[in-house]
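Undergrad: Below are the structure tokens for one structure; questions will follow.
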Amino acid sequence: MALLTIRTYPDPVLAKTCKEVDSVQRPLLELAESMAETMYDGDRGIGLAAPQVGESLQLVVVDSDPAGQRGTPLFLFNPRVIASEGLETAEEGCLSLPDHFAQVERATKLVVQALDREGKPIMVEASGLLARCIQHELDHLQGRLLLDYVSPLKRALYRKRRIKELKKATE
Ligand code: NI
């Protein structure tokens, strides 16, 4: 396992639609474990999607347990929402979008179908924060970011700011 580098906007990998995983095997599991380690490092996030570490694959790692009880990540390969209900708007952030927050409307409850760490099909029922987190991470697999939920003006201003910051960082 290793700590991975988080890709940040406007890295093109974040805008791609991710490929399905053929089967869950060793190198993929190692990637998932490293993603979990990266997510827990510095207690920075409750979910991470593979494109955020540069891999355009349908894999997300989530753990929305309260602080102190975290440590059992859920690995979802090829996740699909098969049912959802309710709607709620709340603020979200993203490790790939430093200093950007957006109000996003999400389903409050959902059922997700995926392959687990053994490659077996599973159904996960989620509500509240976990449901929100899963929807956020599934967006990443479609190349959709929180920026897609804000106005074109806000998006353009953020893009300008990020490019300026990145230029500064490489000077
Ligand atoms: Ni994100």
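Undergrad: Before we move on, is L157 outside any loop (DSSP other than H, G, I, E, B), open to solvent by 90 Å² or more (accessible area, probe 1.4 Å) and hydrophobic (A, V, I, L, M, F, W, C)?
TA: Details: outside any loop (DSSP other than H, G, I, E, B): yes; open to solvent by 90 Å² or more (accessible area, probe 1.4 Å): yes; hydrophobic (A, V, I, L, M, F, W, C): yes.
Judged against the criteria, L157 is a match.
Undergrad: Then there's this: Note down all Cβ pairs under 6 Å where the first residue falls in segment 54-80 and is open to solvent by 70 Å² or more (accessible area, probe 1.4 Å), the second is of a type outside the set (D, E), and they're at least six residues apart or on different chains.
TA: Correct list of pairs: R80/Q113.
Undergrad: Report, by residue number, each residue of segment 101-116 that is under 17 Å from the mean Cα position of the chain (by Cα) and basic (K, R).
TA: Listed by number, the list holds a single entry, R106.
Undergrad: Condition test on D43, is it free of Cβ contacts under 8 Å to residues at least 12 places away in the same chain and open to solvent by 80 Å² or more (accessible area, probe 1.4 Å)?
TA: no
Undergrad: When the residues of segment 77-107 are filtered to those that are in a strand (DSSP E or B) and of a type in the set (D, E, K, R), which remaining residue is nearest to P51 (Cα to Cα)?
TA: The residue in question is R80.
Undergrad: Also: Hey, any hits in segment 150-170 for a residue that's farther than 21 Å from R44 by Cβ and in contact with a strand residue (DSSP E or B) (Cβ under 8 Å, 6 or more places away or on another chain)?
TA: Yes, segment 150-170 has at least one match.
Undergrad: For segment 18-65, which residues satisfy the criterion of being in a strand (DSSP E or B), out of contact with any Leu (no Cβ under 8 Å at 6 or more places or on another chain) and charged (D, E, K, R)?
TA: Listed by number, the list is empty, since nothing qualifies.
Undergrad: Working carefully through the options D116, D99, find the one that is closer than 30 Å to K160 by Cα, among the acidic types (D, E) and either within 16 Å of the ligand (Cβ to nearest atom) or open to solvent by less than 70 Å² (accessible area, probe 1.4 Å) (or both). Working first, answer last.
TA: On the way: D116 fails: closer than 30 Å to K160 by Cα.
When all the criteria are applied, what remains is D99.
Undergrad: Touching a residue at least 12 places away in the same chain (Cβ under 8 Å), more than 16 Å from the ligand (Cβ to nearest atom) and part of a strand (DSSP E or B), is that true of L110?
TA: yes
The values are calculated or read from the model by the stated rules, or taken from the named source; none is laboratory data. Fair warning: this is a prediction, and the values are worked out from it, not measured in the lab. Quick reminder, even Gly has a Cβ in these numbers, built from the backbone with ideal geometry, and neighbours come from all protein chains shown. Please note that ligands, DNA and RNA were not included when accessible areas were found on the heavy atoms of the full protein model with its side chains. Shrake-Rupley method; radii C 1.70, N 1.55, O 1.52, S 1.80 Å.
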